[in-house]
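None of the figures in this text is laboratory data; all of them are computed from the coordinates on show. Just so it is clear, the structure is predicted and the values come from calculations on it, not from any experiment. Cβ coordinates were reconstructed from backbone atoms using ideal geometry, including for glycine residues, and neighbour counts include every protein chain displayed.
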Amino acid sequence: MPHTLPDLPYAYDALEPHIDAMTMEIHHSRHHQTYVNNLNAALEGTGLEETPVDELLASLDKVPADKRQAVINNGGGHSNHTMFWEMMSPQGGGQPKGQVAAAIDEQLGGFDDFKDAFKKAALGRFGSGWAWLSVTPEKKLVVENSLNQDSPISNGNTPVLGLDVWEHAYYLKFQNKRPDYIEAFFNVINWDEVERRYQAATA
Amino acid sequence: MAFELPALPYDKGALAPYLSAEALDYHHGKHHQAHVDTLNALVEGTEYDRQSLEDIIQSTSGKLFHQAAQAWNHTFFWHCLSPQGGGEPHGDVGQAIVTEYGTFAAFKEAFNGIALDHLGVGWIWLVKRGDGGVEIVASHDADTPIAHGQTPLLVVDLWEHAYYIDYRHARGKYLEAIWQLINWDFVNQNVS
């Protein structure tokens, strides 16, 4: 079965007032849907139509050369957004917990230092892209950012938290004020999901 | 000497209904202003603070290049639009477009196609080639033809902030609106 748009795990207005309903609706039903449509179109006839998207991103050399950039852009767009929706929750915010909290303390200097580094990564991405907290192949946490829809998966890292810093993610509510949007995101981070992903990535 | 934000060459409500006053307020008053302000902060006390924007663009990369190029690109973009704009190109540019693309409609289709396929943010340009012909070029982020020795004739901003207030995700609708505003007199001036 070709790739499909996943339902949001909550209603469009569930993240109000931090992330507004109109942004969520356009972001999910228009932007994400377009990545899904374009990914399916790019994969048609390649024999890779049913390969899970993260598997494609992890081994781009298996994608025919003339489709590779389309898969990076649209497969990345599909994978990144799917994860992004799960990274947020109406019950989110606060501090990290469990093993990932301990790892943030040990490896990144604690939550405040991590938050500063993450903000810097999100603000330092000129143009459009993502900020990430990822686990390296050596099982170390790293804060990084990526261009456009490039996924950390393609560089061997496993993202456990991601923030979309394309203007479409925040323009209706925050306009040019990306720093305010980053602050708002911290109020909805689903740390249970970050912990689940961290445990899976380090198992 | 500090760089200054140039005034819009028309009233900020003058491009409605194609581009709203609110959109121009943010785009010119916040985004363009922020590039000028950040640029001034970066050049203060450096060898660049007496250079022209064009010189900075040609000799830098990274953060300084981004800010200088965005400041320059936006000023050029504002002049490419006019409340009296739109219609078909005339003069040298009209001729060069027909020579290269056959018809204005075919040119528009090619321009829109490249603009819609352009991933992420950037700009789409019509540039003059060394042989006198014209060519459509898309650039990523802040990149600009004047950094590559090309002569820009026309530009359209493809950053999401250029169209999100008026058109949301619909870049195609924004492009249709922009064609109603193109200042072909200015585009022709850039040929010489």
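Residues A:132, B:179, arranged from fewest to most other Cβ atoms within 10 angstrom of their Cβ, appear as B:179, A:132. Annotation: aspartates and glutamates with alpha-carbon distance below 18 angstrom to residue B:30 (same-chain offsets under eight excluded): A:167, A:180, B:4, B:11, B:22, B:141, B:157, B:160, B:166.
Can you count the Lys pairs in chain A whose Cα atoms are under 25 Å apart, with each pair 8 or more apart or on different chains? Qualifying lysine pairs in chain A: 17. Each listed q (0.13, 0.14 Å⁻¹) maps to a log10 I(q)/I(0) for the protein assembly as shown from the Debye sum over equal C-alpha point scatterers, namely -1.17, -1.31. With neighbour counts taken as other beta-carbon atoms within 10 Å, the residues B:109, B:88, A:50 rank, fewest first, as A:50, B:109, B:88. Of the residues A:167, B:4, A:195, the one with the fewest other Cβ atoms within 10 Å heads the list, and the complete ranking is B:4, A:195, A:167.
Need the C-alpha centroid separation for region B:76-103 versus region A:62-106, integer Å. Using only Cα atoms to place each centre, the spacing works out to 43 Å. When every Cα-Cα distance of region A:98-202 is counted in 5 angstrom steps from zero, the calculated P(r) takes the values 2, 13, 23, 25, 20, 11, 4, 1 percent.
For a straight C-alpha distance cut-off of 29 angstrom, the lysines reachable from residue B:128 (same-chain residues fewer than eight places away being disregarded) are B:63, B:108, B:173. Cα gyration tensor of chain A, axes a ≥ b ≥ c as square roots of the eigenvalues: rounded (a/c below 1.5), prolate (a/b > b/c) or oblate? Oblate, since a/c reaches 1.5 and b/c is not below a/b.
Rounded if a/c is under 1.5, else prolate if a/b beats b/c, else oblate: with a ≥ b ≥ c from the C-alpha gyration tensor eigenvalues square-rooted, which is region A:1-113?
oblate
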